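Here's the structure, in structure tokens; my notes come after.
Here, each number is a calculation from the coordinates, and none is a lab measurement. As the structure is a computational prediction, the values presented were derived from the model and not from experiment. Counting neighbours? That spans all protein chains shown, and the Cβs are built from the backbone with ideal geometry, glycine included.
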Amino acid sequence: MKIRVLSAAEVRAALPMRDAMDAVREAFIALSAGQAVMPVRARVDVERAGGIGLTMPAYLAGPHELATKLVSVFPGNLERKPSLPTIHALVVVFDADTGLPAGVMDGGSLTAIRTGAASGVATEELAREDAEAAGMLGAGVQARTQLEAVLTARPQIRRAFVFDPRTAAAEAYAAEMSDRLRIPVKVLGSADAVVERSDVIAEATTATTPVFSDRALRDDAHLNAVGSFTPAMQIVPEATVVRASVVVDHRESAWEEAGDLIQPRDRGAITEEHVLAEIGEICAGRQPAPTRRPTLFKTVGTAVQDVAAGSAALRRAEEMDLGAVIEI
């Protein structure tokens, strides 16, 4: 059996952000239309290390694509000397006709790209078209693709701001992204300062409690909330959730895992009807984009994103002859 293996750099070369956003958009549409098989991801808590292991399989019926992601999330890695990424993963893409593994690739890079792509799609659908400033809360791996995706969705944005409590990480991020995206990225001294100055904000942190105050978020802003992916994590202030028009990637997954929504619901601040739509419903025109602002896109990540992005990356890698083909 032959299988193509892609490194992180090869995944990035095979899957530019615009292509990733197009693939993820179609995956969201299929998911909301019932054209995907996607069980809620299986989770294993690794209490001793404060980590989580996840298994995420899915099948997209329309394009006939099948893949599984194995992922670990260990926030404590940031405190190691030297530090390690929070997320490690592998994605296996299968031939959907035979079940044979066709490709295996670095899942950390793919996760960052497809998560950024989800926020990019949401920004296209929900953010003001005249947005000029982007804000980033967090300066890790996810933060890089989040800002790239926001600028892909709103290329007229001319400046960006970032806050991370790790000042050195924020400064490195600002220098790198200013050079890569050709816009000034400025480090600010607080999360509120970033939120106040931004038309589109992306939150991609490993915090477990709110990182900004509700009063900082302008009524005309759009927020992509990525960080909270367990019921115990509430990073977006409850008052923001209550006053925002909320759209999710997948209702079932959000009410299973998104502490940003689960905790306000359990305290009686909102009901599940507070979620206006899935982003796939809006992309397909089955639900209108909300007119009341601010808008909040809450994503916990779905396996259909990995299927669509992984399959697209593998196809392009085959065309470009990227990676190593090995016999196993």
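For the chain, what does -39500 (n - 2.57) per DSSP helix run (n ≥ 4), summed and divided by total residues, give at 222 nm, in deg cm²/dmol to the nearest 500?
Calculated from helices alone, the mean residue ellipticity at 222 nm is -11500 deg cm²/dmol.
R197: net charge of surrounding residues, Cβ under 12 Å, Lys/Arg +1, Asp/Glu -1, itself excluded?
On the way: positive: R159, K186, R218; negative: E132, D192, E196, D199.
Value of the local net charge: -1.
When you count, for each residue, the other Cβ atoms within 10 Å and take the mean per peptide, how do 58-65, 159-166 rank with the highest first?
Numbers: 58-65: 18.0, 159-166: 20.1.
Put in order of decreasing packing, that is 159-166, 58-65.
With Cβ to Cβ distances under 9 Å as the rule, what net charge do the other residues near W255 carry (K, R +1; D, E -1)?
Values: positive: R251, R265; negative: E252, E256, E257, E272.
Residues near W255 contribute -2 overall.
Averaging sequence separations of C-alpha pairs under 8 Å and six or more residues apart, then dividing by the length of the range 127-301, give the relative contact order as a whole percent.
21
Jot down the per residue volume, in cubic angstrom and as a whole number, of the convex hull over the alpha-carbon atoms of the range 57-169.
On the way: hull volume 14.0 nm³, N = 113.
So the per-residue hull volume is 124 Å³.
Please work out the C-alpha center-to-center distance from the range 280-328 to the range 53-110 and express it in whole Å.
So the two Cα centres are separated by 13 Å.
DSSP beta bridges in the chain, what fraction antiparallel, as a percent rounded to 5?
Looking only at bridges with both residues in the chain, the antiparallel portion is about 50 percent.
How big is D for the range 127-301, in µm² s⁻¹ as a whole number, if Stokes-Einstein is applied with the Kirkwood radius of its Cα pairs at 10 °C and 1.306 mPa s?
Details: Rh = 16.0 Å.
So the translational diffusion coefficient is about 99 µm²/s.
For the chain, what is the convex hull volume of the alpha-carbon atoms per residue, in Å³?
On the way: hull volume 42.7 nm³, N = 328.
Spread over its residues, the Cα hull of the chain gives 130 Å³ apiece.
Just need the relative contact order of the chain here, percent rounded to a whole number, with Cα pairs under 8 Å and 6+ apart.
Values: 768 pairs, mean separation 76.0, N = 328.
Rounded, it is 23 percent for the chain.
Let me know the volume per residue of the alpha-carbon convex hull for the range 228-328, in Å³.
148
Please give me the summed charge of the neighbours of D306: other residues whose Cβ is under 9 Å from its Cβ, Lys and Arg +1, Asp and Glu -1.
Values: positive: K69, R114; negative: none.
Surrounding charge for D306 is +2.
List the GluC sites (Glu not before Pro) in the range 89-155 that DSSP assigns to loop (not H, G, I, E or B) and whose Cβ has at most 12 other Cβ atoms within 10 Å. Which are they?
Sparse-neighbourhood loop GluC sites (Glu not before Pro): E129.
Just report the Cα centroid separation between the range 167-201 and the range 233-274, whole Å.
Here the two parts' Cα centres lie 27 Å apart.
Take peptides 278-291, 301-314, 71-84 and line them up by average Cβ neighbours within 10 Å, highest first, as a rough protection proxy.
Going by the mean number of other Cβ atoms within 10 Å, highest first, we get 301-314, 278-291, 71-84.
Roughly how compact is the range 1-135, stated as its Cα Rg over 2.2 N^0.38 Å to two decimals?
Working: Rg = 16.6 Å, N = 135, 2.2 N^0.38 = 14.2 Å.
In units of the globular-protein estimate, the range 1-135 measures up at 1.17.
Roughly how compact is the range 175-268, stated as its Cα Rg over 2.2 N^0.38 Å to two decimals?
On the way: Rg = 14.2 Å, N = 94, 2.2 N^0.38 = 12.4 Å.
Normalised by 2.2 N^0.38 Å, the Cα Rg of the range 175-268 equals 1.15.
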